[in-house]
1. Report the dimensions of the stretch 140-230 along its three principal axes from the alpha-carbon atoms, largest first, rounded to Å.
2. Read phi for every residue in the stretch 362-377 and hand back ³J(HN,Hα) as whole Hz from Karplus 6.51 cos²θ - 1.76 cosθ + 1.60, θ = phi - 60°, with x for Gly and Pro.
3. What lysines sit close enough to Lys656 to cross-link, taking a C-alpha to C-alpha distance under 18 Å and skipping anything fewer than 8 places away on the same chain?
4. What is the percent of Cα-Cα separations in the stretch 472-550 that go past 17 Å?
5. Dividing the convex hull volume of the alpha carbon atoms of the stretch 474-615 by its residue count, what do you get in Å³ per residue?
6. For Arg518, what residues show an amide H to amide H distance below 5 Å, using hydrogens built from the backbone and excluding near sequence neighbours?
7. If you take all C-alpha pairs in the stretch 87-159, what percent of them are over 14 Å apart?
8. Quick one: longest stretch of the chain between exposed loop GluC sites (Glu not before Pro), exposed meaning at most 12 other C-beta atoms within 10 Å and loop per DSSP?
Amino acid sequence: MKPQDYSTPELEKRIEFLNQKYYGEGLSVVPDCEYDALIAELRSRNPESPLLCSLGDDAQRGAKTVVHTHRILSLDKIHEGEDGSGVAQLNSWINGRKVYIEPKYDGLTLVLYYEDGLLIRGVTRGNGTRGEIVPMSRLKSFLPDTAFALDSPFSGTIRGEVVVAVENEAKALAMGYSNLRACAVGQLRNNRLNAEDLLIRFMPFDMEAPVSRAYAGVYMERQFGVVPPQRIWNPLTDGEITQDFLEALQKGLQYDTEYPTDGLVLKLISLQDIEEAGEPTAHHPKDAIAFKFHPRGVDTTIRKIVWQVGRTGVLTPVAEFDPVIIGGTEVRRATLSNYSNAQLYHVGDVVEVVKAGEIIPFIRKVVQLANTSTKSPASCPECQHSLIVQKGLEADNLVCPNPNCWGRMAASLVYACGKNALDIDGMGPAVARNLVARFREYVDDSLDLCAEIPSDAQYPWLPLMLGDYDDMITQIPGTKRLKECLDKRRKDAKLEQWITAMGIPHIGKTRAVNLSWRYSSLSAFFTLFPDDLKKGNIEGFGSAMTEEILNWIEQHPAWNDMYYAVLREDIVDVKGNLPENQTLKGINFVITGTLNQPRSVYAMLVKRMGGSVKENISRKTSYLVVGDSPGEHKQKVAALHKVPVISEKEFLNMLKQNEKDS
């Protein structure tokens, strides 16, 4: 679908999904140009969407965070485009000024804070306003000694990218990371990792100091031992940047660079040019810009199409082809997404393969059709049950309807233990399949004692958390970390984590968090949630969605089995996030403009007092909170409905007063 074909809620849902994949899991599932087109479409329709204020948010929920001393902005982007139109845009931005050209590294941005030359804190970029604190013990594991005590009394910040070298890709994949960026994200947050397994490195690229960029580069290289390679481009002597020059640069980045990249960064050199560029916008600085290459493809031949079973029974087709080198790494496989899309490809087809965001391989087009037909499986490759075709609005899917499918069981384990759910380290696809294989052996030995496969194959995360699989896990090599994390999660899993892990239709991480603010405990959720759905008491759950969830609750054995486990106290009856007081109960706020804190922070504060923050104004809105550069539309609607308008200062005073009254 094109960006304009989505409704606004669908557009925001798609962007939210892609954000979670990229910033939460390190996965680029679509090309950068496609993602940026979605953002541009949303900004044109709803420039005040809260989603636009949280772009780039890499902070994990529940992690210790801190407000940056100044907003850490992201770079504006120019895309090369399939027709090369971005080259003219790039020369227009340069506009005769001398610039540095350097690689744009693909990792996780880290901001180092210094006072009098001493490192006092490391913080991820987060959403630009608030970032996740990186423990000093982790910083000491990968930063050079000279980074902790600089050779001058510098006070300020040094920004850089946490990256993993291309040469370590095989090691990263063997550790269970899907790509180098995912490895960088995961290792920065994993304080239990052994020193010999650590692959991350810090690449500084910016310094907050009243010095020239040339001096800053020399200084950072002296302290950290490395900086991005730079090339000076002077239009007065070099002329305009050409398509051939950019293609040569891209080829050099693909094959010669030590670390993964996803484009170029151009920075103004002259202090006068930097000053004349002006103050930054709310989102981007004006003295630097990113240039994104149009993905270059490589032709190869499809040799096999395999089908992988997911937790809901949907089969995902994956094309296996002759190995090719893209971006300096070998690529052998690419997903075909769904049953409908798989019909376009055949064994023997010559196809063009590119990488989304220079990371995730995908097939862009068929170059030459083979004289073969597409043969989709009639039965499940895991359990041999007959498959059905499930019709969808955008595409059709092949589905295994067998609730006791072994493939679904393994995928359910991976999902429930993932970072969006129970967040249990060590339960990757390989371990999950190993555990399921051992469970199958146990079942095969017991088939003469039971008439059918145990129902917990449909929800293996529950017996896993109850300890039923502990003996099997002990037999699997390399699961020490998994066992330690399991023991911890059995005691401290949060309500939203349990709700997500259950795999209830339409309830992912975001809705689970919202529900955790509604119910006082896990047992209260089981008791009250179905009735609240029937009565239509929960915002955001339409009739069709409600019907599907209620049918799942009635038919799926996991609901009752887990409820009984809570009542028996086999599972901790964890507390929810019910408001600490009800002083703002029934009060609805809408926020417009730029505030000193992310809207998500203010929404959390309001929720804790029983109120709510909405996106759109209605007659039920209690207050419109206005920040800098507010939207005219919301102010007009507020005036129409006679909604009181308050400033950010008045809003904060209201929160403080209500906190005192509680």
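1. 43, 27, 16 Å, listed from the longest principal axis down.
2. 8, 8, 7, 6, 8, 8, 8, 6, 8, 8, 10, 9, 7, 10, 8, x
3. Of all the lysines, those that pass the test against Lys656 - Cα under 18 Å, at least 8 places apart if same chain - are Lys585, Lys607.
4. Taking all Cα-Cα pairs of the stretch 472-550, the fraction more than 17 Å apart is 54 percent.
5. Working: hull volume 22.8 nm³, N = 142.
Residue-normalised Cα hull volume stands at 161 Å³.
6. Asn577
7. On the way: 1825 of 2628 pairs.
That tail contains 69 percent of the Cα-Cα pairs.
8. That would be 83-393.
The values are calculated or read from the model by the stated rules, or taken from the named source; none is laboratory data. Remember, predicted model here, so these are calculated numbers, not experimental data. Methodologically, a virtual Cβ is constructed for each residue, glycine included, from the backbone with ideal geometry; neighbour enumeration extends over all protein chains shown. Ligands, DNA and RNA are excluded from the accessible area calculation, which covers all protein heavy atoms including side chains. Shrake-Rupley method; radii C 1.70, N 1.55, O 1.52, S 1.80 Å.
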